[in-house]
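The values are calculated or read from the model by the stated rules, or taken from the named source; none is laboratory data. Just so you know, these numbers come straight off a predicted model, no measurement behind them. Cβ atoms come from the backbone with ideal geometry, glycine included; neighbour counts cover every protein chain shown.
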Amino acid sequence: MTRQDIIIPHGRDYLSAWHYPPANKDLANESGAPVVVMAHGYSLTMDCGLDVYASRFSQAGMHVVVFDYRNFGESSGKNREVVTAKDQIEDYQIALDFVRTMPNVDRRRIALWGSSFSGGLVIAVAALDGDVRAIISQVPNLDNLATLRFLMKQNSRKRFMWYFAM
């Protein structure tokens with residue numbers, strides 16, 4: 001399987017990404033093959049295990065674009081490792097706009113994949129976009145306040161302060 005390094009431009013910034021082309025034509029139609037857009041949860045980068053998922057989708061006959069958010073991994077950005085849901089939602093939208101310009105992609109069959117923090121983001125992105133056909137949302141974080149309350153109840157004050165500092 002051939003994975004291609006790609007750059008998704010956005011103004012002065014860019015998203016660093018990988019493109020996995022479909023390994024077969026099993027899911028292709030006259031418009032092309034479906035595409036899955038993926039990014040990791042919270043502050044992890046695409047090299048933290050997403051290649052396993054992307055390879056499986058590619059083997060099934062889909063394009064896959066895996067990207068790092070701005071300020072993370074190989075992507076540009078000056079506020080390194082700062083998590084902002086608004087910016088990460090925008091990065092998903094930038095990646096969506098990009099895949100819609102790719103050759104041999106069926107623009108009517110676009111899926112978003114997210115896990116944990118990005119599992120919640122993909123729900124928001126799909127709602128904002130209106131044309132995403134599928135969402136894969138693993139253990140989504142849907143309520144930061146509820147998560148915070150849970151962590152406070154389940155951990156010692158010292159441990160909670162460590163989480164907060166991290």
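Annotations
- Residue selected from the stretch 89-104 under the condition outside any loop (DSSP other than H, G, I, E, B) and either at pLDDT below 95 or of a type in the set (D, E, K, R) (or both), by the criterion surrounded by the most Cβ atoms within 10 Å (Cβ to Cβ): D91
- The single condition among (1) touching a residue at least 24 places away in the same chain (Cβ under 8 Å); (2) within 24 Å of I123 (Cβ to Cβ) that C48 does not meet is (1).
- Filter result (more than 21 Å from N141 (Cα to Cα) and β-branched (V, I, T)) within the stretch 88-123: I94, V99, T101, V105, I110
- Annotation: T84 fulfils all but one of (1) farther than 22 Å from L50 by Cβ; (2) under 15 Å from the mean Cα position of the chain (by Cα); (3) among the polar types (S, T, N, Q); the unmet one is (1).
- Scan of the stretch 1-41 for residues that are farther than 17 Å from R80 by Cα and of a type in the set (D, E), ordered by number: D5, D26, E30
- Qualifying residue in the stretch 7-14 (condition: in contact (Cβ under 8 Å) with a residue 40 or more places away in the chain and closer than 22 Å to R133 by Cβ): yes
- Any hit, the stretch 76-88, residues being among the polar types (S, T, N, Q), in contact with a helix residue (DSSP H, G or I) (Cβ under 6 Å, 6 or more places away or on another chain) and closer than 20 Å to G120 by Cα: yes
- Residue match in the stretch 49-64 (condition: among the small types (G, A, S) and within 21 Å of Q88 (Cα to Cα)): yes
- Test: residue in the stretch 132-150 that is of a type in the set (F, W, Y) and surrounded by 15 or more Cβ atoms within 10 Å (Cβ to Cβ): no
- Some residue of the stretch 115-125 being under 25 Å from the mean Cα position of the chain (by Cα), surrounded by 13 or more Cβ atoms within 10 Å (Cβ to Cβ) and in a loop (DSSP other than H, G, I, E, B): yes
- Look at the stretch 115-131: where a residue is on the phi > 0 side of the Ramachandran plot and a partner is β-branched (V, I, T) and not in a helix (DSSP H, G or I), sitting 6+ places away or on another chain with Cβ atoms under 7 Å, you get S116/V139.
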